[in-house]
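A short write-up of the structure that comes next.
The values are calculated or read from the model by the stated rules, or taken from the named source; none is laboratory data. Owing to the predicted nature of the structure, the values given are computational and were not obtained by experimental measurement. With ideal geometry, Cβ positions are generated from the backbone for all residues, glycine too; neighbour counts draw on all protein chains shown. In case anyone asks, the SASA skips ligands and DNA or RNA and just uses the protein heavy atoms, side chains included. Shrake-Rupley method; radii C 1.70, N 1.55, O 1.52, S 1.80 Å.
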Number of protein chains: 2
Amino acid sequence: MEFSDGKTIFIQIRDRLVDQILTGKLLPGDKIPSVRELAVDLEVNRNTVMRSYALMENEGIVDNKRGIGFFVSDHARERLIQDEKKFFLLEELPKLVHQAKVLKMVPADFKKLFDQLNENQNENK
Amino acid sequence: MEFSDGKTIFIQIRDRLVDQILTGKLLPGDKIPSVRELAVDLEVNRNTVMRSYALMENEGIVDNKRGIGFFVSDHARERLIQDEKKFFLLEELPKLVHQAKVLKMVPADFKKLFDQLNENQNENK
DNA sequence: TTTACTGTCATAGTATATTATGACACTAAC
DNA sequence: GTTAGTGTCATAATATACTATGACAGTAAA
């Protein structure tokens, strides 16, 4: 895995797993990779993965069964959609709007975004 | 100034100045705050501000006159708009699209964004 | 019980961002 | 020339993320 400079590694690992939960690649009850296994996979230290898992446990999106592993908690997805959507609309979107205005962007620049969102909406019909 | 955890401080200081250039609060030829002055203002070390300024100098958006200070370079704004717009469309927007789809967002969620962009477009007429 | 997984904890080392501080050099104005 | 501003450089100290590694404990299955 390539890590970007912006965020710390253990946050990026958390974000990666959150994405897998949101996209349904990880379902409630699923076992997530063991601390050691993921550490080897991502070429990262055990402790760093531990930190990601501890964070996710605090967020209530994974459960820990000692000696067995970590598992996606029952309402992880609903909780994430609610929390991340709120964060997105309140924190990220305002910054986005500001940046778009400053860069003199117009709606046409967002055509791709708009198209993909419409596809997404049609899938739900 | 309150610094977020995501990025390093010297990057956030750079972003702050870039924003002031993009919004026209800083114009070509304007002197930007001295290293020492801004350090006191932001309650940050001189060296940290120096690092921000060195970065901006490398980006070609400020010029350095030894013994006098740093000044916004002539085509800083055009260069920034070009570079940041490219970065925005190629790097940030794809992540945004992905996130929006994963969170099951629909165009209506972006009404505010588009309204403000339309205002912006009308201002330019 | 042994084996092979799991997580947990502690310790030490490295890299980097940031701070703190002093000293030096350039420039402009008095 | 003195003064007060500017940037520049070097050194040491601190905080934090990350690494490396070993040891210990819980769980499940052979």
Which distances in nm, rounded to one decimal and ordered from shortest, link the label point of B:Pro28 to the equivalent label points in the other identical copies, with labels set 7 Å from Cα toward Cβ? 6.0
Tilt, helix A:111-123 to longest principal axis of chain A (alpha-carbon atoms), in degrees rounded to tens, equals 60 degrees
State, to one decimal in nm and shortest first, how far the label point of B:Pro107 sits from each corresponding label point in the other identical copies (label point: 7 angstrom along Cα-to-Cβ). 0.8
For an R0 of 22 angstrom, estimate the FRET efficiency from the Cβ-Cβ distance between A:Met50 and A:Gln20 and round to the nearest 0.05. 0.75
C-alpha center-to-center spacing [the range A:20-86, the range B:18-96] in angstrom: 39 Å
On a 0 to 90 degree scale, rounded to 10, what angle separates helix A:76-87 from the longest Cα axis of chain A? 40 degrees
The correct ranking of B:Glu84, A:Glu2, B:Glu78 by accessible area at 1.4 Å, largest first, is A:Glu2, B:Glu78, B:Glu84
Degrees separating the helix B:46-58 axis from the principal Cα axis of chain B, which is the longest one: 70 degrees
Percentage relative contact order, chain B, counting C-alpha pairs under 8 Å, at least six apart: 22 percent
Candidate residues A:Val72, B:Val40: accessible-area rank, largest first, probe 1.4 Å: B:Val40, A:Val72
With a 1.4 Å probe and all protein chains left in place, how much accessible area per residue does the protein assembly as shown have, in Å²? 62 Å²
Cα-centre dipole for the range A:9-75 with unit charges at Cβ (Lys and Arg positive, Asp and Glu negative), debye to 20: 220 debye
Suppose we compare each residue of the range A:87-106 in its chain alone and in the full protein complex with a 1.4 Å probe; which ones drop by at least 50 Å² of accessible area? A:Phe88, A:Leu96, A:Val97, A:Gln99, A:Lys101, A:Val102, A:Leu103, A:Lys104, A:Met105
Positive dipole terminus of the range A:9-75, leading residue within A:Asn45, A:Ile32, A:Val62 (C-beta point charges): A:Asn45
At 10 °C and 1.306 mPa s, the Stokes-Einstein diffusion coefficient in µm²/s for chain B, with hydrodynamic radius from the Kirkwood sum on alpha carbon pairs, is 95 µm²/s
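Using +1 on the beta carbon of Lys and Arg, -1 on that of Asp and Glu, and nothing else charged, what's the dipole of the protein assembly as shown about the Cα centre, debye to 20?
Working: 40 positive and 42 negative charges, 13 e Å.
Its charge dipole is roughly 60 debye.
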Between A:Lys104 and B:Met1, how many nm apart are label points set 7 Å from Cα along the C-beta direction? 2.6 nm
Accessible area buried at the B-A interface, both sides summed, 1.4 Å probe (Å², nearest 100): 3800 Å²
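Quick one: net charge of B:Ile11's neighbours, Cβ under 11 Å, K/R +1, D/E -1?
+2
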Could you give, in nm with one decimal, how far A:Glu57 is from each other copy of that position, shortest first, with labels 7 Å out from Cα toward Cβ? 4.9
